Amino acid sequence: MNTTHPYRIKARFETLATQGQAALVTFITAGDPSADATLAYLQALVRGGADILELGVPFSDPMADGPTIQRASERALDGGMSLQKVLALVTAFRVTDQRTPVVLMGYLNPIERMGYHTFATAAAKAGVDGVLVVDLPPEEAAEFHVEMLAAGLAQIFLLAPTSSAARFAAVCRQATGFVYYVSVKGVTGDKPVDVAEVTSRVAAIKSVTTLPVGVGFGVRTPATAAAIAQAADAVIVGSALVEIIEQASSELAATSALEGFVRSLKDAMTGARSAMGAS
Amino acid sequence: MNASSDSQLNLADASPSSFPDARGHFGPYGGKFVAETLMAPLAELEAAYRECQADPAFIAEFERDLAHYVGRPSPLYHAERWSRELGGAQIYLKREDLNHTGAHKINNTIGQALVARRMGKRHIIAETGAGQHGVAAATVAARFGMTCRVYMGANDIQRQSLNVFRMKLLGAEVVPVTSGSKTLKDALNEALRDWVTNVDHTFYIIGTVAGPHPYPEMVRDFQCVIGRETRAQCLAQIGRLPDSVLACVGGGSNAIGIFHPFLGDTSVRLIGVEAGGDGVETGRHSAPLSAGTPGVLHGNRTYLMQDGSGQIIETHSISAGLDYPGVGPEHAWLKDSGRASYVAITDEEALKGFHALTRLEGIIPALESSHALAYAGKLAPTLPKDHIMVVNLSGRGDKDIPTVATREGISI
């Protein structure tokens, strides 16, 4: 087993911390519209400045996602994407990139179907670093957690505007890698973020954990990314990237548009942190 | 059995099952598989429901509404002519079709609307397949002065246009769902998305014994009035318990409602009848307990219709109300434990049951209920004449008349 991967997420956050930077985490759906396209997109995201890659595992019933990511899942499933093929895609990505952390994000049922142990072993072997299962809260995660731990994979949990302070602490105790604060009540890509509100909630989470805190669900523009980067350790952008893929005239056009947009996000985040440091 | 012990909301019905456990699990099934945003609202709902269960005033109001608004108790009717024709078991029908709004669904929506009112929520949302639950939700919303939005698959809107108009008359907004297979499961996805977005002031009335904890337990408790009445009526009218109880199973709320009070009566066979569509062997059906595998969907672990990669597959049934790829987690547990058995009836067979009851008893049943009737029609002739069989006639068939006509090439 590749012994470096359990530490890829941690190493990335540590490096960024020494540079005074927040991580840019990008989400796209695996297989939208094909596995080959996704591989090219992932490489473009890294070129543009993505620090961590979140790869969506498509599911037929994506209950926590808005229409943009629902449509991406449908396109991917129409193209024959499956959890098994997502792992093959990560293996292919690792041929040229051993450093960028990859986190799978999806729903529990495909993982249940594969089996927790089989999945965890195969994911680690493929070069996955962490897994976020949207519909698996810590209360139901004990059995899965054991397999994730054994395979050296980070188990990333969500926190939400509805989570109590007591829950912040309880969830963080079970989480590894980083925690993901859902910045709005709603589905992915739904509403704009209230930066002031998010800033105070992130501070509350950071008071109970040493894990990095990422913020996502509603970050769509460089300006918002920059504002969030001043409060959080990571900024997660998804629906805006999936829209670029959906609207591009060709895969080549999507590849260059993704790279350019990610660069604009990263530049805005870097600028904001430098300004903060200077002030 | 007297009327008051018969009507306890807290189930003192000699059940060997204390399920679900504190985490909402029925053995390996059930649970709370939802995104973090819904964990707090579900905890809040459970706390409110526990208060209601312990409050005699709540129970009294629920029972008053069941009696005077719904029209309970519903009769237990001996279908003598049909039984004679079949030449075997004596079939009794639990007449949920005679409830206000025409199905068992209203038992649950009254209960949940009372919980919503206690929680101070003035806006309710619901999902619906055949439209019966949507109508029942719109009905209680009208009565309690709440606003109501119903999510319904675009395909179901087409096949149940009468119920869509009923909901609109009642003041509800009906939102067509065009994602996925455009049926009940997609309506549930969309209702969950609405709830997560408008969670502060919205109460989600789930129409069946599925979804995350505490819904499977709460909906069951509200529907158990069916089984408690049936049990008491059997003792009063026949002088003994029935030998078998049959009910159709989509999500499974009418079935769990009539089964649960009999769980401790081990002499009573419990048989759930799923929608076999074109036939279980064709793969075109909605029978996860008969031909599915366990998995996680809509907040709970249960039997599902899924492919080898864990994607939910499209279901098929003539009956919109049974066209669902999952089933309540308690049924999954009852199947595994062997306490209940589950069979499937095809569209064709269900139509035969529909016509048999209509012609021989003058009762037009819902296509959902017709599945249970069809299996009764197959089973009864194999049983002795002193076998007492109860079939839950969960709804009336007026809404299905256009479907039956189209299917049989008749224009009305």
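Quick note: the coordinates plus some simple rules give every number you see, no bench work behind them. Model, not experiment: these values are computed from the prediction. Note: ideal-geometry Cβ built from the backbone for every residue, glycine included; neighbour counts use all protein chains shown.
Backbone geometry of region A:263-268 corresponds, through the Karplus equation with coefficients 6.51, -1.76 and 1.60 at θ = phi - 60°, to 3J(HN,Hα) couplings of 4, 5, 5, 5, 4, 5 Hz, x marking Gly and Pro. Residues A:Val103, B:Val135, ranked from the fewest to the most other C-beta atoms within 10 Å, line up as A:Val103, B:Val135. If you run the Gaussian network model on chain A, springs between alpha carbon atoms under 10 Å, then out of A:Gln155, A:Gln84, A:Gln21 the most flexible one is A:Gln84. First measure r as the distance between the Cβ atoms of B:Asp265 and A:Thr118, then evaluate 1/(1 + (r/R0)^6) with R0 = 35 Å and state the FRET efficiency to the nearest 0.05. The pair B:Asp265/A:Thr118 has a calculated efficiency of 0.25.
Among B:Gly252, B:Gly27, B:Gly131, the largest mean-square fluctuation in a Gaussian network model of chain B (Cα springs under 10 Å) belongs to B:Gly27. The HN-Hα couplings worked out from phi for region B:358-363 by the Karplus form 6.51 cos²θ - 1.76 cosθ + 1.60 (θ = phi - 60°) are 4, 7, 9, 10, x, 10 Hz, whole numbers, x standing for Gly and Pro. Counts of other chain beta carbons within 10 angstrom of each beta carbon in peptide B:186-197 average 4. Peptides A:229-242, B:69-82, B:32-45 ranked from most to least packed, by the mean per-residue count of other Cβ atoms within 10 Å: A:229-242, B:32-45, B:69-82. For the protein assembly as shown, the square roots of the Cα gyration tensor eigenvalues, ordered a ≥ b ≥ c, give a/c of at least 1.5 with a/b greater than b/c, which places it in the prolate category. Comparing Cα centroids, region A:80-103 and region A:197-218 end up 28 angstrom apart. With a 10 Å cut-off around each Cβ of A:135-142, the average count of Cβ atoms from other chains is 6.
Think of it as helices only: each DSSP H run of n ≥ 4 in chain B is worth -39500 (n - 2.57), and spread over all residues that comes to -12000 deg cm²/dmol at 222 nm.
Within 10 Å of the Cβ of each residue in A:156-166, the mean number of Cβ atoms contributed by other protein chains is 4. Stretching the chain fully between B:Ala54 and B:Arg81 yields a gain of 5.3 nm (0.36 nm per residue, less the alpha carbon separation). Around B:Ala54, with a cut-off of 15 angstrom between Cβ atoms, what is the net charge of the other residues, counting Lys and Arg +1 and Asp and Glu -1? For residues surrounding B:Ala54, the net value is -4. For B:Lys182, go through the aspartates and glutamates and keep the ones whose alpha-carbon is under 14 Å away, minus same-chain ones fewer than eight residues off. Leaving aside aspartates and glutamates fewer than 8 places away in the same chain, those within reach of B:Lys182 are A:Asp61, A:Glu74, B:Glu127, B:Asp156, B:Glu190, B:Glu314, B:Asp323. Loop-located trypsin sites (Lys or Arg not before Pro) in region B:211-242 (DSSP state not H, G, I, E or B) with no more than 13 neighbouring Cβ atoms inside 10 Å: B:Arg240. Taken over region A:5-278, lysine pairs spaced eight or more positions apart, or on distinct chains, with alpha carbons under 23 Å apart number 7. Return the whole-Å distance between the Cα centroid of region B:388-412 and the Cα centroid of region B:350-377. Spelled out, the Cα-based centre of one part sits 7 Å from the other. Scanning residues 5 or more positions from B:Ala344 or on other chains, those with amide H under 5 Å from its amide H are B:Glu274, with H placed 1.01 Å from N in the peptide plane.
Can you tell me the FRET efficiency between B:Arg23 and B:Arg143 if r is taken as the Cβ-Cβ distance and R0 is 45 Å, rounded to the nearest 0.05? Computed FRET efficiency for B:Arg23 and B:Arg143 comes out at 0.85. Residues A:Arg273, B:Arg84 in ascending order of nearby Cβ atoms (within 10 Å, fewest first): B:Arg84, A:Arg273.
Residue by residue, region B:38-51 carries 3J(HN,Hα) couplings of 8, 4, 5, x, 5, 5, 5, 5, 5, 4, 5, 5, 4, 4 Hz when phi is fed to the Karplus relation 6.51 cos²θ - 1.76 cosθ + 1.60 (θ = phi - 60°); x denotes Gly or Pro.
Applying 0.36 nm per residue to the separation of B:Ala67 and B:Ala40 and subtracting their alpha-carbon distance, the gain on full extension is 6.3 nm. Of the residues B:His104, B:His387, B:His68, the one with the fewest other Cβ atoms within 10 Å heads the list, and the complete ranking is B:His68, B:His387, B:His104. The value of relative contact order for region A:5-278, using C-alpha pairs under 8 Å at least six residues apart, is 23 percent.
Within the listed set A:Ala123, A:Ala72, A:Ala11, the residue fluctuating most in the Gaussian network model of chain A (springs between alpha-carbon atoms under 10 angstrom) is A:Ala11. Under a 5 Å amide H cut-off, with hydrogens placed 1.01 Å from N, B:Arg72 pairs with B:Ala67 among residues at least 5 apart or on other chains. What lysines sit close enough to B:Lys94 to cross-link, taking a C-alpha to C-alpha distance under 20 Å and skipping anything fewer than 8 places away on the same chain? Candidates past the 8-residue exclusion: B:Lys105, B:Lys352, B:Lys378, B:Lys385, B:Lys399. Note on B:Thr282/A:Ser34: beta-carbon distance plugged into 1/(1 + (r/R0)^6) with R0 of 22 Å gives a FRET efficiency of 0.10. Residues whose amide H falls under 5 Å from that of B:Gly299, counting only those 5 or more places apart or on a different chain, are B:Phe33, with hydrogens built in the peptide plane.
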